[in-house]
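J.: Just dropping this structure here.
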Amino acid sequence: MVEQRVNYTHLIDSNKRRKTGTKLMTAFKRLVITALIGLSVTACATGKPTGPVYDPFENTNRKIYSFNTALDNAVLKPAAKTYRYILPDIVEIGIGNFFSNLDDINVIANDLLQGKFRQAGLDTGRFLYNTTAGLLGFIDVSTKVGLVKHNESFGQTLGVWGVGEGPFLMLPLFGPANARSTVGMVVENATTNVPNLVVDDDPTRYGITALNVIALRARLLSAGNLLNSAALDPYLLFRDFWVQQHRRATVDGKVPVAIGEQSSGDELDELDELDELDELDELDELDELDELDELDELDELDELDELDELDSLN
């Protein structure tokens, strides 16, 4: 009987290991497939860190921005205010530290992919120190000893690899992005998102995600108020601010970052107008020639009339 229980236990452990291995292989396959699709989609898209924002879907993006804003005002903002009101500051800070510590796993992976090996070592030390001495990251002890927080994403990694930004996108629920960062977000969700990889229970995983979103929204309450009060066009301000921050994070301050002006289209329009004027000039010249032709015809008629008069005299 005891042996049978041991065998059952061994079988259960073996099944767990097999499921874990299968999950990791699936995640790896998703990483490869998604990366290939993303690279094929965005490889041809160019975007200088000082160029204009490529926003070909602006009308749709504005509608999604309005939808996200309405949803935020109706659901997320009240939830964030309630969250901040109920929880003591120390608990709220601790929850933010916990999710920041989980994000360091994604940061370390992208450090390595970008060739930032020294930073990867520092971020690994930060994660281990916060996880142990910081009680699973609820206490940020690493920052106090000089191991500062870095922010790296797979979208930034693609930028370092030379992949263009692609068009600007306003995603429902998720907010601002571009083609490159969207690919990065999908890859990260399948590979370095710890709750997705560790937690098997769907309601628990959704609850953790919701807590993370609300905690993040609570930290951005003042920023949202500033955006709505200061901007004549909140969409443009939000878009340009996000693009500038994404570019700055991608180039790490190595080159200047700015939002360029859309000027090429206007110049072409002016040239087209000049071409139309040139066509009118050509028509005017043709009209003058036609008038001269009519005068020639009149001269011929006059000559005929003179001949007729001479004939009558004869």
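The values are calculated or read from the model by the stated rules, or taken from the named source; none is laboratory data. Just so you know, these numbers come straight off a predicted model, no measurement behind them. Cβ coordinates were reconstructed from backbone atoms using ideal geometry, including for glycine residues, and neighbour counts include every protein chain displayed.
J.: State which residue is nearest to Thr192 (Cα to Cα) when the search covers only region 103-149 and only residues that are part of a helix (DSSP H, G or I) and β-branched (Val, Ile, Thr).
T.: Among those that are part of a helix (DSSP H, G or I) and β-branched (Val, Ile, Thr), it is Ile105.
J.: Hey, can you tell me all the residues within region 62-94 that are hydroxyl-bearing (Ser, Thr, Tyr), buried (at least 16 other Cβ atoms within 10 Å of the Cβ) and modelled with pLDDT of 95 or more?
T.: The answer is Tyr65, Tyr83.
J.: Give me a count of the residues in region 150-183 that are in a helix (DSSP H, G or I) and under 16 Å from Lys116 (Cβ atoms). Before the answer, list the steps.
T.: If we filter region 150-183 for residues that are in a helix (DSSP H, G or I), which is where we start, we get 154-160, 179-183.
Next cut, under 16 Å from Lys116 (Cβ atoms) only: 154-160.
The number of residues fulfilling the criteria is 7.
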